[in-house]
1. Can you tell me which of (1) farther than 30 Å from residue 247 by Cα; (2) open to solvent by less than 40 Å² (accessible area, probe 1.4 Å) is the one residue 129 doesn't meet?
2. Of the conditions (1) over 18 Å from the mean Cα position of the chain (by Cα); (2) of a type outside the set (A, V, I, L, M); (3) part of a loop (DSSP other than H, G, I, E, B), residue 233 fails just one. Which one is it?
3. Are any residues in the stretch 62-100 of a type outside the set (A, V, I, L, M, F, W, C) and surrounded by fewer than 24 Cβ atoms within 10 Å (Cβ to Cβ), and if so, which ones?
4. In contact with a Pro (Cβ under 8 Å, 6 or more places away or on another chain) and either without any contact (Cβ under 8 Å) to a residue 24 or more places away in the chain or crowded, with 24+ Cβ neighbours inside 10 Å (or both), is that true of residue 240?
5. Please enumerate the residues belonging to the stretch 173-188 that are of a type in the set (D, E, K, R) and in contact (Cβ under 8 Å) with a residue 40 or more places away in the chain.
6. For the condition at pLDDT 95 or above, of a type in the set (Val, Ile, Thr) and open to solvent by 10 Å² or more (accessible area, probe 1.4 Å), what is the one hit in 266, 322, 337, 316?
7. From the list 40, 47, 111, 106, exactly one residue is open to solvent by 10 Å² or more (accessible area, probe 1.4 Å), in contact with a Gly (Cβ under 8 Å, 6 or more places away or on another chain) and assigned to a loop (DSSP other than H, G, I, E, B). Which is it?
8. Within the stretch 132-145, track down each residue that is in a helix (DSSP H, G or I) and either of a type outside the set (A, V, I, L, M, F, W, C) or open to solvent by 20 Å² or more (accessible area, probe 1.4 Å) (or both).
Amino acid sequence: MTDRGSRLADIVKAYDIRGIVPDQLDEDVARAVGTAFVVALQEAGDAAGTVVLAYDMRASSPGLAAAFAEGVRAAGAAVIDAGLGSTDLLYYASGRLDLPGAMFTASHNPAQYNGMKLCGAGARPIGQDSGLARIRDLAQALLAGEIRPPEPAGGDAGLTRRDILADYAAHLRTLVDLSGIRPLTVVVDAGNGMAGHTVPAVLGDAKLAPLPLRIVPLYFELDGTFPNHEANPLDPANLVDLQHAVREHGADLGLAFDGDADRCFVVDERGEPVTPSAITALVAVRELARHPGAAVIHNLITSKAVPEIVAEHGGVPVRARVGHSFIKERMAVTGAVFGGEHSAHYYFRDFWGADTGMLAAMHVLAALGEQDRPLSELAAAFVRYVASGEINSRVDNPAEAITRVEKAYGDEQLDHTDGLTVSFADGAWFNVRPSNTEPLLRLNVEAPDATRMAALRDEVLATVRAPATAR
């Protein structure tokens with residue numbers, strides 16, 4: 001118990017809990033986190049009378065969710081078990097029911113992993129600085145036997161099972177009207193993840209109004225071993241099957257979801273990726289048309305084109321750190337109508353400020369179907385610069401490497417909001433920031449043209465990866 005408790009520090013990340021099952025995360029840990037979740041909410045002034053939960057298709061998810069529910073009920077709160085669902089379905093339930101929630105998933109991580117994403121009532125984000133650290137400490141103390149679970153006066157609270165999928169699908173249909181668009185052929189790669197459960201309900205359910213969409217499914221079978229490819233659409237290797245299928249079927253576009261379906265990646269009719277920055281700008285323009293003058297959040301490594309386009313359409317661009325809890329906090333503070341990240345997370349005020357890959361996909365379908373151009377031409381209007389994509393470097397000391405880069409570029413404009421961002425007079429910029437989970441530095445570079453981008457990328461990488469003897 002003590003050893004397992006001490007390892008909580010290794011699996012509680014900046015804005016979620018994620019670890020290897022059962023070595024780092026097992027049902028005892030999940031049970032302790034369930035109790036700690038309720039206690040921490042109560043300490044923060046939230047009565048936390050009921051918690052809603054959902055889980056993904058990983059073999060370990062139902063057991064972890066059940067153990068968490070036991071911990072919640074032991075602390076005196078009731079549980080609504082929504083069963084299988086995507087992370088954005090859990091956010092829908094938390095928002096619609098105005099209850100704190102827990103999603104059991106490790107997103108795109110390999111099969112041996114699992115984790116938890118926690119939120120307050122109304123899908124309010126919970127990260128290290130907004131309650132997750134306290135939950136970690138309480139759970140660790142429970143596991144180590146340093147404190148005893150609370151003794152609720154009335155015994156264990158109740159457990160209710162509730163199917164929320166149909167309500168979730170119907171709600172999304174109210175936010176984007178796809179009924180009048182031109183017919184589209186759409187290849188969807190669910191990666192054996194939760195999009196295989198939610199896409200048919202949202203885009204193809206016979207109980208809802210039929211849509212002019214022909215869905216070509218790839219890997220809709222729920223399988224937490226990911227037998228076809230990793231459910232991480234940001235890795236180009238995981239897009240190959242989708243790209244081939246789009247070309248083979250003459251489709252208008254392709255959509256790829258990650259394991260818990262809160263992220264969506266888009267490829268055009270040629271099978272070419274559309275950058276998340278371009279999708280952010282496209283959706284921002286649509287949302288600003290409905291909410292003139294609103295704020296739009298973008299993280300600091302999205303393309304410079306995003307704030308430029310937002311401003312040109314009368315919106316107020318707001319820059320934020322990378323990570324969903326940071327974006328959601330800025331959404332709440334600014335009242336922003338929309339937010340987008342380079343990682344294909346998209347956040348909507350109409351969705352309680354939470355991220356939903358499905359709603360972003362629906363906006364892309366609507367934007368494409370409301371006009372006659374192919375997606376490649378439509379998306380080109382939102383691309384102005386050349387980006388490197390995220391490049392990871394394994395380094396012994398990330399902080400030391402960032403200091404080295406800062407010394408090399410000390411005469412330029414520096415920003416320490418999240419790692420180090422260096423901006424140049426010609427419009428080029430780069431950001432280096434440490435991974436939250438590994439001894440890695442992540443580099444993103446953008447420049448006005450490919451030559452400048454490549455030269456700057458190689459120059460920064462040489463500094464980051466400089467051998468000790470060369471320093």
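1. (2)
2. So the condition that residue 233 fails would be (1).
3. Hits for the stretch 62-100 are 62, 63, 70, 73, 76, 81, 83, 95, 96, 98.
4. Considered against the rule, which asks whether it is in contact with a Pro (Cβ under 8 Å, 6 or more places away or on another chain) and either without any contact (Cβ under 8 Å) to a residue 24 or more places away in the chain or crowded, with 24+ Cβ neighbours inside 10 Å (or both), residue 240 comes out as no.
5. 177, 182
6. 316
7. Going through 40, 47, 111, 106 in turn, just one is open to solvent by 10 Å² or more (accessible area, probe 1.4 Å), in contact with a Gly (Cβ under 8 Å, 6 or more places away or on another chain) and assigned to a loop (DSSP other than H, G, I, E, B): 111.
8. Of everything in the stretch 132-145, those that are in a helix (DSSP H, G or I) and either of a type outside the set (A, V, I, L, M, F, W, C) or open to solvent by 20 Å² or more (accessible area, probe 1.4 Å) (or both) turn out to be 133, 134, 136, 137, 140, 142.
The values are calculated or read from the model by the stated rules, or taken from the named source; none is laboratory data. Computed from a prediction, not measured in an experiment: that's the story for all the values here. All Cβ positions, even for glycine, are placed from backbone atoms using ideal geometry, and neighbour counts span all protein chains on display. Note: areas computed on protein heavy atoms with side chains; ligands, DNA, RNA excluded. Shrake-Rupley method; radii C 1.70, N 1.55, O 1.52, S 1.80 Å.
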